[in-house]
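Here the structure is laid out as structure tokens; the discussion comes afterwards.
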Amino acid sequence: MNSRVSIVNKKEQYCVGEDLVVQVDMYDHLGNRKTYGGDFIRSRLYSPALGAAVSGRVEDFQNGSYHIHFPLRWVDNSKANVSIRLWHPSEAVAALWRSRHTNLGNLGFEGMYDYLGQVANTTCGFQLNTTQEICEYKDEFYEEAFYCIKPNNLSCECLKDMRAVDRQVSYHRPEERSLFISGYFYNQTWYPMYCNMNVYKTGDDYIKCLQGKNLFLIGDSTLRQYIMHFTETIKIVKYFRYHETGWRFWEKTLEALNMDKDIYVSYKRHGFPLESFMFYYFKEDMYTSRQIDQRAGGNNTIFVITMGQHFRQLPLKLFIRRAINIRRAVERLFLRSPDTKVIIKTENTREGIAFNEIYGDFHGYTQYLVLREVFRGTNVGFVDAWDMTVAASTQTVHPPGYTLENIMSLSFTFAC
């Protein structure tokens, strides 16, 4: 690696509140200087001794040079470490962008139709290139729709189960925007830049927040972690009519109760698309917007909403439309019940060994930026799980340990 790294504002001592600015000049393997930008860089400043970490904001000069701004948020008399990783060069970014937006993405779907023992599987998706008769599954109010090839001798109403099917496409490249810093880790605790976060660790901490409340978790398995934490780790609620533990049947709707403390918690997936390669029961699917519209809300109601991981293989316009529909549903909720608490949790980073053209964090980052813009100016709590998992260098789709604890702590700081 011939690229060069230097400190722009080098001095003997820095003050808390200043930025450490690092310059990166990109060179290829032959030593030729790169003359254009667009690289996807992941960076963090961290102190292992203090359990402190913060992600860097990347400034792209579009000429092969970058400034990475690290806000200094803690006192450290020892050495701090800087990690700067070229996650994808601009050439790979261009390929990733093409991959996501060619032929409606890398992920296909298969529907199972069943009527009186007669079963047929057909291809489903947001767009089908076929001359065969198709079934349209459209929510008129939200203008959301997907389609399946109609099986012979079965009606469209016989669609029962749905699963995802792998398929391959190409690559991709957007105009990169700077990383936004929303907080930092210190002593393995997240310190947001815009509020004081309450730390939730024990069952009593959560009971004080949730007593007398209805909590609706709507999204994917990264929110299912919340109800698993409540039932299997701190055990403040018990599942209702569900006797499994761990990730088995992860796509199922879950309910949990604490009758003594009047706590109700539910988890439900966000609706199509869902990346499950085993057939799951489709008829209980419901878009996030409709789930919100079906609830009255009120000062005893909390919504925590996320989406993203299951959209990474599909064109970004589908994610944008879904995010806008959710915002509209939240606005309607606030009109009828302005004291309802709504928390939006961004998606987080995932395994670095994941197929980058399909699952990679570059796709997650573009969706993260979309979610920030769509919900800007709304009265929602915004949990920046992306920034937190970058700072913590989390390499798993389901953040473990103190990272999950901090994501949940920030969520319920907004809620309570």
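The values are calculated or read from the model by the stated rules, or taken from the named source; none is laboratory data. Computed from a prediction, not measured in an experiment: that's the story for all the values here. Cβ coordinates were reconstructed from backbone atoms using ideal geometry, including for glycine residues, and neighbour counts include every protein chain displayed.
Name the residues in region 258-281 that are of a type in the set (A, V, I, L, M, F, W, C), at pLDDT below 95 and either assigned to a strand (DSSP E or B) or in contact with a Phe, Trp or Tyr (Cβ under 8 Å, 6 or more places away or on another chain) (or both), would you?
Hits for region 258-281 are F272, L274.
Just give me the residues in region 325-351 being in contact with a strand residue (DSSP E or B) (Cβ under 6 Å, 6 or more places away or on another chain) and among the charged types (D, E, K, R), in sequence order.
K341, K345
Which one is surrounded by the most Cβ atoms within 10 Å (Cβ to Cβ), of the residues in region 195-249 that are part of a loop (DSSP other than H, G, I, E, B) and of a type in the set (F, W, Y)?
Of everything passing the filter in region 195-249, Y200 is surrounded by the most Cβ atoms within 10 Å (Cβ to Cβ).
Taking region 75-125 as the search range and keeping residues that are touching a His at 6+ places or on another chain (Cβ under 7 Å) and charged (D, E, K, R), which one is nearest to A391 (Cα to Cα)?
Restricting to residues being touching a His at 6+ places or on another chain (Cβ under 7 Å) and charged (D, E, K, R), the top hit is R100.
Only one residue in R376, R350 is more than 18 Å from V58 (Cβ to Cβ), without any contact (Cβ under 8 Å) to a residue 12 or more places away in the chain and among the charged types (D, E, K, R). Which one?
Sole residue among the options that is more than 18 Å from V58 (Cβ to Cβ), without any contact (Cβ under 8 Å) to a residue 12 or more places away in the chain and among the charged types (D, E, K, R): R376.
Restricting attention to region 59-85, report how many residues are within 22 Å of S3 (Cβ to Cβ) and either touching a Cys at 6+ places or on another chain (Cβ under 6 Å) or in a loop (DSSP other than H, G, I, E, B) (or both).
Count: 5.
Could you count how many residues in region 250-262 are surrounded by 15 or more Cβ atoms within 10 Å (Cβ to Cβ), closer than 21 Å to S276 by Cβ and touching a strand residue (DSSP E or B) at 6+ places or on another chain (Cβ under 7 Å)?
Adding up the residues that qualify gives 3.
Looking at R321, is it of a type outside the set (S, T, N, Q), surrounded by fewer than 18 Cβ atoms within 10 Å (Cβ to Cβ) and touching a residue at least 60 places away in the same chain (Cβ under 8 Å)?
Yes; evaluated as a whole, the condition is true for this residue.
Do we find a residue being among the charged types (D, E, K, R) and closer than 23 Å to I7 by Cβ anywhere in region 109-121?
No, because not a single residue in region 109-121 is among the charged types (D, E, K, R) and closer than 23 Å to I7 by Cβ.
Considering only residues that are modelled with pLDDT under 90 and either hydrophobic (A, V, I, L, M, F, W, C) or farther than 19 Å from F414 by Cβ (or both), which ones fall in region 189-208?
Across region 189-208, the qualifying residues are M193, C195.
How many residues does region 357-411 contain that are farther than 29 Å from E91 by Cα, hydrophobic (A, V, I, L, M, F, W, C) and out of contact with any strand residue (DSSP E or B) (no Cβ under 8 Å at 6 or more places or on another chain)?
Matching residues across region 357-411 total 2.
Determine whether region 261-276 contains at least one residue that is over 22 Å from the mean Cα position of the chain (by Cα) and β-branched (V, I, T).
Yes, because at least one residue in region 261-276 is over 22 Å from the mean Cα position of the chain (by Cα) and β-branched (V, I, T).
Of the numbered conditions (1) over 24 Å from N300 (Cα atoms); (2) touching an Asp or Glu at 6+ places or on another chain (Cβ under 9 Å), E373 satisfies every one except a single condition; which is it?
The single condition E373 does not satisfy is (2).
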